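Accompanying notes for the structure given below.
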Amino acid sequence: MSKVMATFVVFFISAVMHEVLISVPFHMIRPWSFLGMMAQIPLVTITKSMERRWPGGIAGNIIFWISFCIVGQPMAILLYTVDYRFGMHHDEPLVVDDPGPWWKEMVVKFHK
């Protein structure tokens with residue numbers, strides 16, 4: 001097996017397992033985790049070519065942190081939350097009519 005094919009297989013298996021670990025607790029199958037993992041394959045290629053062009057640079061590290069921590073994880077959480085909210089509870093209102101006493105106290109403290 002070539003190095004490229006081995007990389008693809010490892011990322012594919014990891015992507016499937018990530019999707020299973022997210023989908024089972026939420027009782028919904030969505031492609032977000034799978035696509036996020038598979039989108040890392042081109043990032044590996046891009047960062048390797050940047051390292052060859054500019055050796056010793058930190059561009060690969062910057063690309064990783066931006067794509068994984070700043071964009072990737074928050075986007076995945078947002079997508080799964082929206083899908084969960086509108087997929088399973090679409091008939092409930094988004095605004096809570098009576099937020100309860102603890103929420104009212106918090107709002108009063110915030111406005112003071």
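The values are calculated or read from the model by the stated rules, or taken from the named source; none is laboratory data. What you see is a predicted model, and the numbers here were worked out from it, not measured in a lab. Here the Cβ is made from the backbone with ideal geometry for all residues, glycine too, and neighbour counts use every protein chain on show. These area figures cover heavy atoms from the full protein model, side chains too; ligands, DNA and RNA do not enter into them. Shrake-Rupley method; radii C 1.70, N 1.55, O 1.52, S 1.80 Å.
Inspect all residues belonging to the stretch 53-65 and state whether any of them is open to solvent by 80 Å² or more (accessible area, probe 1.4 Å), in a helix (DSSP H, G or I) and modelled with pLDDT of 85 or more.
No: zero hits.
Those residues that are more than 14 Å from GLY72 (Cβ to Cβ) and β-branched (Val, Ile, Thr), I need them from the stretch 16-42; list them, please.
Result: VAL16, VAL20, VAL24, ILE29.
Being open to solvent by 60 Å² or more (accessible area, probe 1.4 Å) and in contact with a Phe, Trp or Tyr (Cβ under 7 Å, 6 or more places away or on another chain) is the filter here; which residues of the stretch 26-42 pass it?
PHE26, ARG30, TRP32
Return the residue satisfying two criteria in turn: it lies in the stretch 82-103 and is under 27 Å from SER33 (Cα atoms) and open to solvent by less than 80 Å² (accessible area, probe 1.4 Å), and of such residues it is modelled with the lowest pLDDT.
HIS89
Determine which single condition VAL20 fails, assuming it passes every other condition in (1) open to solvent by 70 Å² or more (accessible area, probe 1.4 Å); (2) modelled with pLDDT of 85 or more.
(1)
Of all residues in the stretch 9-36, how many are within 20 Å of TYR84 (Cα to Cα) and either in contact (Cβ under 8 Å) with a residue 24 or more places away in the chain or among the aromatic types (Phe, Trp, Tyr) (or both)?
Residues flagged as within 20 Å of TYR84 (Cα to Cα) and either in contact (Cβ under 8 Å) with a residue 24 or more places away in the chain or among the aromatic types (Phe, Trp, Tyr) (or both) within the stretch 9-36 amount to 9.
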